[in-house]
């Protein structure tokens, strides 16, 4: 006989789980004791939401389901935002929650919320375990669905009495499955559309962020010479120093890359998901859009592709490359002008060393001291647009941003998880002061874990993104400003090192020193967003329009 909680942990081990992030409660004590005897590391966090962000980031970086743990009631409800973060962002994650005994309880309805029903619209799979014998199958199914395309969040609830039961059930044997391959007639139709186009263009979305797909896309671009751009969550799938890179669709319209999109008569869309809105509308009928993905397109009023190639993306890209040769009538001259103008614009903006610092220069400063595979984890704010637009990523999953749920508070927890997954790399969290304060307590977690991490807190003492939108809509400034703690002393109170550079040059020096010193460093960096409305909504559109 085996205790149910021991079997549960053994099932997690069999699925390759190495960490469980979270905060246990009394309903989890059997599971906690089973974890104590397991090689799986329990990472105790200071808030369940942060635990969920960490688990989702493990899933994003590894392709394997990250796991987080909470108790019943308020512990479980604190996972809601993280569930949506993983589900919308296609990050494989399994949430484990406790519950009061389901056979008998003397506590009435104290703390009881129907967590399974609550999780239903936020997950691919949610179940309460009502019998110990079902544990191996339920864990396998939850992990399989979390990792299967399209990845996302799953949830299992383990009641206190079930966790303590004995069972004779055993683990399921390993299983292996291969994704279906794209049908050759669909590939042939797509190839003919590309072949017939005059200005084909490649768009790379989040679904292309897989190792083999990245390799196939590089071969595709090098062989055919078709220029490419990415969505925000597709950044780094191809090295953006490549001479055919045209930028990132970071703004909604009128940036340089959008001029290329307007000129394209065929867009080969690799791994796009309508959760991350397409950077073009399809109403005008001026272009053919080819949807290449694991799943058929979710049709939207702005996205209804004419051709779909459904199956394993890497194989589909390979098939397309094999079916095509460079065509003499393909004309990329305008795309070349777009690339030149964009690169000049990025360099010009990055040269502004004004202090308080402006984000384009911050992007350049970070990129200048990080290696190709070091990782920058962004929270959410106005700075995300500049990183998406101006940071020329060199490798997949080196700029972790969220353009799906786009929640605040994920930057620091995500960076902690990245440092655990890749202890050999430098990791920098870039957080606005608003987003940082939503989960700043996890500084203690980072210090306790001994991770090597630099946290850059962008301080403008306001909710800057919404303040920018408010300004753009010609509303008076209202309801956006707040006070902040002394971030240097705040970091030191947690056992981290705090810094406050007073110039752009001092920031660069401070950043280099922090990256070279093991442990947790926080840099309090004053930021100036005063030019951003004019730059993003007037100056850049005017410069891009001059390409005509």
(request) Test residue 185 against the stated conditions and say whether it is under 28 Å from the mean Cα position of the chain (by Cα), at pLDDT 95 or above and not in a loop (DSSP other than H, G, I, E, B). (result) no
(request) Output the residues belonging to the stretch 166-201 that are within 28 Å of residue 132 (Cβ to Cβ) and in contact with a helix residue (DSSP H, G or I) (Cβ under 9 Å, 6 or more places away or on another chain). (result) 166, 167, 168, 169, 170, 171, 172, 174, 175, 177
(request) Identify all residues within the stretch 507-523 that are in contact (Cβ under 8 Å) with a residue 12 or more places away in the chain and either outside the structural domain of residue 465 (by TED's automatic domain parsing) or closer than 25 Å to residue 420 by Cβ (or both); write none if there are none. (result) 510, 511, 512, 514, 515, 517, 518, 519, 520, 521, 522, 523
(message) With the requirement that a residue be outside any helix (DSSP H, G or I) and surrounded by fewer than 24 Cβ atoms within 10 Å (Cβ to Cβ), what does the stretch 415-427 give you?
(response) 422, 423, 424, 425, 426
(message) For the stretch 221-244, check the following and say yes or no: at least one residue is in contact with a strand residue (DSSP E or B) (Cβ under 8 Å, 6 or more places away or on another chain), under 17 Å from residue 318 (Cβ atoms) and at pLDDT below 95.
(response) no
(request) Could you list, in sequence order, all residues of the stretch 138-165 that are under 16 Å from residue 14 (Cβ atoms), assigned to a helix (DSSP H, G or I) and in contact with a helix residue (DSSP H, G or I) (Cβ under 9 Å, 6 or more places away or on another chain)? (result) 138, 139, 140, 143, 146, 147
(request) Would you point out which residue out of 91, 119 is assigned to a loop (DSSP other than H, G, I, E, B) and either more than 27 Å from residue 210 (Cα to Cα) or at pLDDT 95 or above (or both)? (result) 91
(request) Count, please, the residues in the stretch 456-492 that happen to be surrounded by 13 or more Cβ atoms within 10 Å (Cβ to Cβ) and either over 22 Å from residue 384 (Cα atoms) or not assigned by TED's automatic domain parsing to the domain that holds residue 381 (or both). (result) 5
(request) Identify all residues within the stretch 222-239 that are in contact (Cβ under 8 Å) with a residue 12 or more places away in the chain, surrounded by fewer than 22 Cβ atoms within 10 Å (Cβ to Cβ) and outside any loop (DSSP other than H, G, I, E, B); write none if there are none. (result) 223, 224
(message) Quick check on the stretch 20-40. Is at least one of its residues closer than 24 Å to residue 396 by Cβ and outside any helix (DSSP H, G or I)?
(response) yes
(request) Would you mention how many residues in the stretch 330-375 are modelled with pLDDT under 95 and farther than 14 Å from residue 505 by Cα? (result) 1
(request) Determine, yes or no, whether residue 412 is closer than 26 Å to residue 82 by Cβ, buried (at least 24 other Cβ atoms within 10 Å of the Cβ) and free of Cβ contacts under 8 Å to residues at least 60 places away in the same chain. (result) no
(message) I'm trying to understand the selection: among the residues of the stretch 506-530, which are assigned to a loop (DSSP other than H, G, I, E, B), out of contact with any strand residue (DSSP E or B) (no Cβ under 8 Å at 6 or more places or on another chain) and surrounded by 15 or more Cβ atoms within 10 Å (Cβ to Cβ)?
(response) 529
(request) For the stretch 94-115, indicate whether the set of residues that are assigned by TED's automatic domain parsing to the domain that holds residue 72, at pLDDT 95 or above and more than 19 Å from residue 22 (Cβ to Cβ) is non-empty. (result) no
(request) With respect to residue 432, determine if the residue is within 20 Å of residue 48 (Cα to Cα), crowded, with 24+ Cβ neighbours inside 10 Å, under 27 Å from the mean Cα position of the chain (by Cα) and modelled with pLDDT of 95 or more. (result) no
(request) Would you be able to say whether some residue in the stretch 235-247 is within 23 Å of the chain's Cα centre (by Cα) and closer than 19 Å to residue 546 by Cβ? (result) yes
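The rows are residues; the columns are (1) surrounded by fewer than 18 Cβ atoms within 10 Å (Cβ to Cβ); (2) assigned by TED's automatic domain parsing to the domain that holds residue 437; (3) over 23 Å from the mean Cα position of the chain (by Cα); (4) at pLDDT 95 or above.
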{"position": "15", "(1), (2), (3), (4)": "no, no, no, yes"}
{"position": "30", "(1), (2), (3), (4)": "no, no, yes, yes"}
{"position": "58", "(1), (2), (3), (4)": "no, no, no, yes"}
{"position": "80", "(1), (2), (3), (4)": "yes, no, no, yes"}
(request) Kindly indicate whether residue 84 is surrounded by fewer than 17 Cβ atoms within 10 Å (Cβ to Cβ), touching a residue at least 12 places away in the same chain (Cβ under 8 Å), assigned to a helix (DSSP H, G or I) and assigned by TED's automatic domain parsing to the domain that holds residue 13. (result) no
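The values are calculated or read from the model by the stated rules, or taken from the named source; none is laboratory data. The shown structure was predicted, so the numbers you read here are calculated from the model rather than taken from an experiment. We place every Cβ from the backbone using ideal geometry, glycine too, and count neighbours over all the protein chains shown.
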